[in-house]
Amino acid sequence: MSGCETQCEVEIKVAQDRFFLAGVMGWPVMHSRSPMLHNYWLEKHALAGRYVPLGVKPEGLEAALKALAPLGFSGCNLTLPHKQMAMAMVDSLDEAARNIGATNCIVVGEDGRIEGRNYDGFGYIACVLEARPDWRADAGPIVVVGAGGGSRAVVWSLMDKGAREIRLVNRTFERAAALASDFGGPVKAFPWDERHDALQGAAMLVNTTSQGMAKQPALDIRLDKLPLSALVSDIIYIPLETPLLATARARGNQTVNGLGMLLNQARPAFKAWFGVMPEVTPDLRAAIEATL
Ligand code: ATR
């Protein structure tokens, strides 16, 4: 058999049994858990493919996004700082990305057009429901601390699920006020000094700030006014239990850490690229936890 025949054979095989490709674009991308997550599911569902880390500098983002279709990629995830920058570089945006103001998932259509989606909000709600299956967004006031990108995804997802009162507190009041004015409806901004009192009668508390992350000080908030029935969640996953969650757990509140948000945002992305909705199983969670 000549070399050409061998190559033709390979091309026919690839055309028949699609080899799926996706990846994560970031700079730097070394710490991303996404390759482990998606490659675990590709193997589990016996799909031929690979999810790869793609070190793309901000100045190369537009060219890299345009190259996805010709390279045969089904899509990719985006990490900071690309999540916001890519908004202006895609052919269309889904409702979540438009509202949140960031895209964490690019899907390449059959016609090669690229859509920016945002599954962070989906991931957040899914992880809360994992912890408390009967949770409802309209069960009572929700206090959200922080007004950055993470907060926008959390607040939008809570509103999407029907939250009736969201008390937003942020160190820089103007950022909370701007977010409240963008989202309107149930979102009200409160000054930083009022964060302890804002917990009165709350059904839920969410930390979206960087406070409590490894190497950062704990979030400075007193929980004495927070009802014991309230759910306390943090979108941080390193460490798995932040000082806020440890304090809340010790006084009797149910807590949810941020790992579930990371794991669950990946599910609809995998479905969009590879056609199968995967599950977050205990063994997958344990494998990821072992890397933290
Ligand atoms: P991300 O996109 O990851 O949410 P970000 O936009 O930098 O990141 O937002 C970080 C959040 O942590 C902000 O709400 C920030 O408050 P400011 O808007 O006042 O900067 C909050 N944050 C950071 N350091 C803080 C601190 N020492 N005390 C309280 N909040 C802090």
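In the stretch 173-189, what residues are open to solvent by 60 Å² or more (accessible area, probe 1.4 Å) and either within 16 Å of the ligand (Cβ to nearest atom) or under 22 Å from A230 (Cα atoms) (or both)? Full working, then the answer.
Restricting attention to the stretch 173-189, the residues satisfying the condition of being open to solvent by 60 Å² or more (accessible area, probe 1.4 Å) are 173-175, 181-182, 185, 188.
Selection gives F173, E174, R175, S181, D182, K188.
For the stretch 161-169, does any single residue satisfy the condition of being more than 10 Å from the ligand (Cβ to nearest atom), over 17 Å from K225 (Cα atoms) and either in contact with a Lys or Arg (Cβ under 6 Å, 6 or more places away or on another chain) or not charged (D, E, K, R) (or both)?
yes
Identify, from the list I236, I221, the residue that is under 23 Å from the mean Cα position of the chain (by Cα), within 16 Å of the ligand (Cβ to nearest atom), assigned to a loop (DSSP other than H, G, I, E, B) and crowded, with 16+ Cβ neighbours inside 10 Å. Working first, answer last.
Values: I221 fails: under 23 Å from the mean Cα position of the chain (by Cα).
Checking each option against the conditions leaves just I236.
Does the stretch 108-118 hold any residues that are farther than 22 Å from S181 by Cβ and either of a type in the set (A, V, I, L, M, F, W, C) or within 16 Å of the ligand (Cβ to nearest atom) (or both), and which are they?
First pass over the stretch 108-118, keeping only residues farther than 22 Å from S181 by Cβ: 108-117.
Result: V108, I114.
Exactly one condition in (1) under 18 Å from A202 (Cβ atoms); (2) within 16 Å of the ligand (Cβ to nearest atom); (3) not in a loop (DSSP other than H, G, I, E, B) is false for N99; which is it?
Among (1) under 18 Å from A202 (Cβ atoms); (2) within 16 Å of the ligand (Cβ to nearest atom); (3) not in a loop (DSSP other than H, G, I, E, B), the lone unmet condition for N99 is (1).
Just to be sure before I move on: is G162 assigned to a loop (DSSP other than H, G, I, E, B) and not acidic (D, E) in the structure I sent?
The answer is yes for G162.
Residues to consider are G212, G252, G184, G162; find the one that is on the phi > 0 side of the Ramachandran plot, in contact (Cβ under 8 Å) with a residue 12 or more places away in the chain and more than 21 Å from the chain's Cα centre (by Cα).
On inspection, the qualifying residue turns out to be G252.
Return a yes/no flag: does the stretch 244-252 have any residue that is open to solvent by 20 Å² or more (accessible area, probe 1.4 Å) and either within 13 Å of the ligand (Cβ to nearest atom) or outside any helix (DSSP H, G or I) (or both). Reasoning before the result, please.
Here is the first cut: in the stretch 244-252, the ones open to solvent by 20 Å² or more (accessible area, probe 1.4 Å) are 246-247, 249-252.
From the residues that got through so far, the ones that are either within 13 Å of the ligand (Cβ to nearest atom) or outside any helix (DSSP H, G or I) (or both) too are 252.
Yes, that holds for at least one residue.
Report the residue count in the stretch 126-157 for those that are open to solvent by less than 30 Å² (accessible area, probe 1.4 Å), assigned to a helix (DSSP H, G or I) and more than 15 Å from the ligand (Cβ to nearest atom).
3
Working only within the stretch 102-114, note down all residues that are surrounded by 17 or more Cβ atoms within 10 Å (Cβ to Cβ) and either assigned to a loop (DSSP other than H, G, I, E, B) or free of Cβ contacts under 8 Å to residues at least 40 places away in the same chain (or both).
Initial filter on the stretch 102-114 (surrounded by 17 or more Cβ atoms within 10 Å (Cβ to Cβ)): 102-108, 114.
Those that are surrounded by 17 or more Cβ atoms within 10 Å (Cβ to Cβ) and either assigned to a loop (DSSP other than H, G, I, E, B) or free of Cβ contacts under 8 Å to residues at least 40 places away in the same chain (or both): A102, T103, N104.
Restrict the check to the stretch 29-49 and report whether at least one residue is outside any loop (DSSP other than H, G, I, E, B) and within 16 Å of the ligand (Cβ to nearest atom).
No, every residue in the stretch 29-49 fails to be outside any loop (DSSP other than H, G, I, E, B) and within 16 Å of the ligand (Cβ to nearest atom).
The values are calculated or read from the model by the stated rules, or taken from the named source; none is laboratory data. What you are looking at is a predicted structure, and each value in this text was computed from that prediction instead of being measured. Neighbour counts are summed over all protein chains in view; Cβ atoms, including those assigned to glycine, are modelled from backbone coordinates with ideal geometry. Quick note on the areas: whole protein, heavy atoms, side chains included, nothing else; ligands and nucleic acids left out. Shrake-Rupley method; radii C 1.70, N 1.55, O 1.52, S 1.80 Å.
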